[in-house]
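Each remark here refers to the structure printed beneath this line.
The values are calculated or read from the model by the stated rules, or taken from the named source; none is laboratory data. Remember, it's a predicted structure, so these values are computed and weren't measured experimentally. Cβ: placed from backbone, ideal geometry, glycine included. Neighbour counts: every protein chain shown. These accessible areas exclude ligands, DNA and RNA; they are computed on the full protein's heavy atoms, side chains included. Shrake-Rupley method; radii C 1.70, N 1.55, O 1.52, S 1.80 Å.
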Amino acid sequence: METAKAIDEISCKVNIFGEIVIGNTTTSSTLIAILRGKNPSNLCGSRASTSHGGVNYAIITKKIAIVEEATKYHGASKMNGQPYKAFEVISGAKIAGMFGGMLETSKQNVPILFDGFICSTAAMIACLINPLVSRALLFAIESTEKGQSIPLEDMTKIALTNDLPPLEGHALHVKLRISKGWVD
């Protein structure tokens, strides 16, 4: 309710959701794997393991194993397409704050500008809860994270299934790694 009040009070023209080193790529990968039945190896990439020295494949392998273990432990097949059930067992406060803010922003008919893998996951969850959110989404910058295309494709499918305009492509493709302070 505070978000709705704030949007009204400041006469918000666009609500922007972004991410800088919030450390939820494993959580995001797990939520996508559970909600959309996707293979973790198609989701987990090098975001948290890349530096000027290159990619640390041991970190990626560990991340994939964590996501696989979580999906098996929590019975992922029972939660496919059910965001509230999935969020009961795999959650992140930052992701919850983002998708909650997106739901409320959409109700207020305010455009939502978002970027990155974690924000894409939050936007996908918001669209699963309320497909009308997809009509407000504007995608800013493509992430270098391997799995980002999956929630974007799913948001497009959700929009089309509900006779809403599909999500347009990203405005910028700069291979930016803000968390590392450099550009590929």
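Restricting attention to the stretch 67-78 and to residues that are open to solvent by less than 50 Å² (accessible area, probe 1.4 Å) and modelled with pLDDT of 85 or more, the residue that is nearest to ASN24 (Cα to Cα) turns out to be VAL67. Just one residue in the set LYS107, LYS94, LYS146 is over 19 Å from VAL67 (Cα atoms) and open to solvent by 10 Å² or more (accessible area, probe 1.4 Å); that residue is LYS107. Scanning the stretch 79-91 turns up no residue that is among the polar types (S, T, N, Q), modelled with pLDDT under 90, in a helix (DSSP H, G or I) and surrounded by fewer than 21 Cβ atoms within 10 Å (Cβ to Cβ). Whenever a residue of the stretch 116-145 is touching a residue at least 60 places away in the same chain (Cβ under 8 Å) and among the charged types (D, E, K, R), its partners that are surrounded by fewer than 24 Cβ atoms within 10 Å (Cβ to Cβ) and not in a helix (DSSP H, G or I), lying with C-beta atoms within less than 7 angstrom and at least six residues away or across chains, give the pairs GLU145/GLY45. Residue count for the stretch 92-114 under the criterion of being aliphatic (A, V, I, L, M) and part of a helix (DSSP H, G or I): the result is 6. Restricting attention to the stretch 149-163, and to residues there that are open to solvent by 40 Å² or more (accessible area, probe 1.4 Å) and within 13 Å of the chain's Cα centre (by Cα), which single residue is modelled with the lowest pLDDT? Only one residue fits best here, namely SER149. Residue selection: LEU113 fails the criterion of being over 17 Å from ASN24 (Cα atoms), touching a Leu at 6+ places or on another chain (Cβ under 7 Å) and buried (at least 21 other Cβ atoms within 10 Å of the Cβ).
Of all residues in the stretch 46-65, how many are in a loop (DSSP other than H, G, I, E, B) and either modelled with pLDDT of 70 or more or surrounded by 12 or more Cβ atoms within 10 Å (Cβ to Cβ) (or both)?
2
Taking the stretch 116-143 as the range and being of a type in the set (Val, Ile, Thr), farther than 18 Å from LEU164 by Cα and open to solvent by 10 Å² or more (accessible area, probe 1.4 Å) as the test, only ILE141 passes.
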